[in-house]
Amino acid sequence: MILKPQLQDLKNIGYYSGKILIGIGLAMLVPMVVGLLFAEINPALDFLIGAEIALIVGLILTKLCFTEKDLNWMQGMVVVSLSWLAAMFVGAIPSYLSGHWGSYLDACFEAMSGFATTGLTLVQDLDHLSYAHNLWRHFASFVGGQGIVVIALCFFVKGVSGAFKMYVGEGRDERVLPNVIDSSRFIWLVSIVYLIVSTLVLGTIGIANGMRPANAFFHGACIFMAAFDTAGFAPQSQNILYYHSVLFEVITMVIMILGAMNFNLHYRIWTGDRREIWKNIESRALFIIVVVTFLITLVGLNQIGSYPRVLVMFRKGFYQVISAHTTTGYVTIYARQFIDDWGALALAGIICAMAFGSSSCSTSGGIKMLRLSIIVKALQQDLKRIILPERAVVEQKIHHLKELFLEDKQVRASLLITVAYLALYAIGALVGMFYGYPFLDSLFESVSAAANVGLSCGITAPGMPAGLKITYIVQMWAGRLEFMSVFALIGFFIAAIKGK
Amino acid sequence: MKIQSFYNAFLGIATEILYAIAIMLAAFLVCVAGYFFLKL
């Protein structure tokens with residue numbers, strides 16, 4: 001029997017959703033201040049309006065729904081999925097007011113793409129976007145990559161009870177530290193340290209390449225935020241091609257890989273256990289699978305005759321592969337070149353890279369290396385059971401931060417989420433084909449949206465059908481939250497309608 | 001949080017950057033090998 005949600009459920013959900021909206025409103029003050037610093041009055045006003053709306057709605061919710069009760073699993077998951085949707089709606093307000101997005105739906109698409117660290121964009125005339133709006137696109141990725149709920153846990157949630165439920169609902173099922181609030185603060189510490197170092201390095205390269213210092217460091221900060229959070233937004237429409245710099249491309253590849261690493265791994269390495277980087281099953285799997293997918297892409301590109309020189313193949317071929325694997329979405333080629341210059345085999349390599357993704361508990365999307373590794377190890381275990389004598393006891397071990405025996409419940413959980421991702425990729429591809437796009441193009445774009453990659457073969461454009469925009473928004477949202485909190489929200493609404 | 005020393009964190013960052021460089025180097029060697037084996 002399904003139970004109808006009670007008033008206490010609504011109060012808990014409303015109260016914590018309100019806190020998260022307050023956080024989003026405060027986050028919008030950052031681009032507002034930047035707008036004032038650069039004398040961009042209209043953009044600053046756009047963010048003032050957006051921040052006011054978020055803060056007013058957030059404060060009303062926290063006052064009306066005030067509660068000291070703890071969150072249960074259902075409430076925690078619903079808070080996460082609902083607050084991500086609310087963040088999209090309020091985050092889109094300043095963008096829509098700017099006039100650079102054709103409709104409020106386009107602005108919502110951009111907001112979800114930013115928060116979900118996807119990087120697919122519908123902005124018009126990006127090269128003339130204000131500093132404030134450009135910063136918001138990248139800052140939204142920075143905030144979304146760490147986790148909107150993670151920020152709330154750092155600043156607005158005093159107790160840890162219930163906090164873990166929200167933390168898990170945001171697609172993170174591993175705690176870095178025993179206390180989930182300390183875990184959230186560590187995630188921010190890693191990000192801030194790399195932000196400072198990378199902005200200095202990228203800014204210096206920009207100045208050496210002829211950019212003005214303020215511009216160079218602005219670009220450096222934006223590029224870092226989008227690369228480390230594996231988002232893929234860039235301040236200019238040509239993306240990384242704009243910089244025409246091998247050094248810039250190498251540095252961004254390093255940042256993408258750093259962002260795609262498990263935060264637990266960062267913690268272990270930063271606290272002295274440096275061998276973990278080679279012992280860990282995820283980092284090994286990432287190394288091997290990147291090389292394999294690049295090999296597939298290389299053979300495909302060679303068949304077509306694209307990029308006949310080694311360095312060009314590295315800059316144009318491998319850059320896209322690592323961008324796909326880390327689910328960043330930075331490109332050193334134009335979007336249509338994927339279809340016109342790459343051929344089916346190379347495209348298959350990129351689609352696989354996007355679909356697989358990178359590490360769990362990182363900023364990247366996709367199925368994740370840990371799940372793939374668990375599935376492969378489970379297959380090995382089953383093969384051993386068949387080959388070895390019946391009386392043999394077959395135990396399979398994996399090393400992920402510690403030695404673990406593979407259990408059926410881990411295999412089941414990994415398989416369920418993998419199947420959910422594959423279904424999401426297929427649904428998006430079918431919707432794309434329904435609107436008349438070819439199969440490979442539709443599959444490419446669908447996987448890119450659902451795995452929060454951001455590479456585009458040209459389908460994502462302001463003229464895209466509204467139905468496809470909504471489909472990709474849902475894919476980005478579900479992919480980022482790894483389904484469970486989305487299913488919990490759907491279940492909540494079903495319970496509200498059909499419950500007794 | 002228990003980051004014991006700045007030294008560990010600094011070496012940790014260096015280790016992570018080396019890991020990223022190792023992936024890129026492996027890919028670059030694949031490029032070079034690919035050109036030898038596929039072009040001949």
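The values are calculated or read from the model by the stated rules, or taken from the named source; none is laboratory data. These numbers were taken from a predicted model, which means no experiment stands behind them. A quick note on method: Cβ atoms are made from the backbone with ideal geometry, for glycine too, and the neighbour counts reach across all protein chains shown. Ligands, DNA and RNA are excluded from the accessible area calculation, which covers all protein heavy atoms including side chains. Shrake-Rupley method; radii C 1.70, N 1.55, O 1.52, S 1.80 Å.
For chain A, the solvent-accessible area of protein heavy atoms averages 39 Å² per residue (probe radius 1.4 Å; ligands and nucleic acids excluded).
Enclosing the Cα atoms of segment A:361-464 in their convex hull gives a volume equal to 119 cubic angstrom per residue. The alpha carbon gyration tensor of chain A gives principal lengths a ≥ b ≥ c with a/c below 1.5, which makes the shape rounded.
Amide H contacts for A:HIS100 (H built 1.01 Å from N in the peptide plane; partners 5 or more residues away or on another chain; cut-off under 5 Å): none found. The residues of segment B:16-40 listed by number as losing at least 40 Å² of accessible area in the complex, against the isolated chain and with a 1.4 Å probe, are B:GLU16, B:TYR19, B:ALA20, B:ILE23, B:MET24, B:ALA27, B:PHE28, B:VAL30, B:CYS31, B:TYR35, B:LEU38. Considering only alpha-carbon pairs that sit under 8 angstrom and 6 or more positions apart, the relative contact order computed for chain A is 18 percent.
Phi angles across segment A:21-26 convert, under the Karplus curve 6.51 cos²θ - 1.76 cosθ + 1.60 with θ = phi - 60°, into 3J(HN,Hα) values of 5, 4, x, 5, x, 5 Hz, Gly and Pro given as x. Across segment A:27-106, the relative contact order, built from alpha-carbon pairs under 8 Å that are at least six residues apart, equals 32 percent. Between the residues A:PHE314, A:ILE151, B:PHE6, the greatest Cα displacement towards the positive end of the dipole of the protein assembly as shown, with unit charges on the Cβ of Lys, Arg, Asp and Glu, is found for B:PHE6. Residues of segment A:263-278 that bury at least 20 Å² of accessible area when the other protein chains are present, relative to the chain alone (probe 1.4 Å, heavy atoms, ligands and nucleic acids excluded): A:TYR267, A:ILE269, A:TRP270, A:THR271, A:ARG274, A:ILE277, A:TRP278. Residue order by solvent-accessible surface for A:PHE139, A:PHE217, A:PHE444, B:PHE6 is B:PHE6, A:PHE217, A:PHE139, A:PHE444, largest first, with ligands and nucleic acids left out and a 1.4 Å probe. Pairing chains B and A buries close to 3000 square angstrom of accessible surface in total, based on protein heavy atoms and a 1.4 angstrom probe.
For segment A:10-63, the share of accessible area belonging to carbon and sulfur comes to 77 percent (1.4 Å probe, ligands and nucleic acids excluded).
Work out the P(r) tail for segment A:262-360: percent of alpha carbon pairs separated by more than 22 Å, whole number.
34 percent
Of all stretches in chain A that contain no GluC sites (Glu not before Pro) in a DSSP loop with at most 16 other Cβ atoms within 10 Å, the longest one is A:175-389. The listed peptides A:132-138, A:196-202, ordered by packing as a protection proxy, come out as A:132-138, A:196-202 (highest mean of other Cβ atoms within 10 Å first).
Annotation: amide H-H contacts under 5 Å for A:LEU401 (H modelled 1.01 Å from N, sequence separation of 5 or more, or interchain): A:ILE281.
Residues of segment A:290-322 that bury at least 30 Å² of accessible area once all protein chains are present, compared with their chain alone (1.4 Å probe, heavy atoms only, ligands and nucleic acids left out), are A:VAL291, A:PHE294, A:LEU298, A:ASN302, A:PRO308, A:VAL310, A:PHE314, A:PHE318. Taken one residue at a time, the phi angles of segment A:90-106 give Karplus couplings (6.51, -1.76, 1.60, θ = phi - 60°) of 7, x, 7, 4, x, 5, 5, 5, 5, x, 8, 10, x, 7, 5, 5, 4 Hz. Gly and Pro are set to x. Is the shape of segment A:242-299 best called rounded, prolate or oblate, per the rule: a/c under 1.5 gives rounded, else a/b larger than b/c gives prolate, else oblate, with a ≥ b ≥ c the square roots of the Cα gyration tensor eigenvalues? Oblate shape, in that a/c is at least 1.5 and b/c is the bigger or equal ratio.
Per atom type, segment A:416-480 shows carbon and sulfur on 80% of its accessible surface, probed at 1.4 Å. Sorted largest first by accessible area at a 1.4 angstrom probe radius, with every protein chain in place, the residues A:ASP125, A:ASP229 fall in the order A:ASP125, A:ASP229. The portion of the accessible surface of segment A:214-258 made up by carbon and sulfur, rounded to a whole percent, is 65 (1.4 Å probe; DNA, RNA and ligands excluded). When the pairs A:LYS316/A:LYS384; A:LYS19/A:LYS279; A:LYS11/A:LYS498; A:LYS19/A:LYS402; A:LYS316/A:LYS368 are compared against a 31 Å limit on Cα-Cα distance, A:LYS316/A:LYS384; A:LYS19/A:LYS279; A:LYS19/A:LYS402 fall above it. Phi angles of segment A:405-416 translate, via the Karplus equation with coefficients 6.51, -1.76, 1.60 and θ = phi - 60°, into HN-Hα couplings of 8, 5, 10, 4, 5, 5, 5, 4, 4, 5, 5, 4 Hz per residue; Gly and Pro are given as x.
What is the dipole size for segment A:357-500, taken about its Cα centre, with +1 at each Lys and Arg Cβ and -1 at each Asp and Glu Cβ, in debye to the nearest 20?
With only Lys, Arg, Asp and Glu charged at Cβ, the dipole is about 380 debye.
From helices alone, chain A scores -22000 deg cm²/dmol at 222 nm; the rule is -39500 (n - 2.57) for each run of n ≥ 4 DSSP H residues, then divide by the residue total. Between amide H atoms placed 1.01 Å from N, distances below 5 Å from A:SER237 occur with A:ASP127, all of them 5 or more places distant or on a separate chain.
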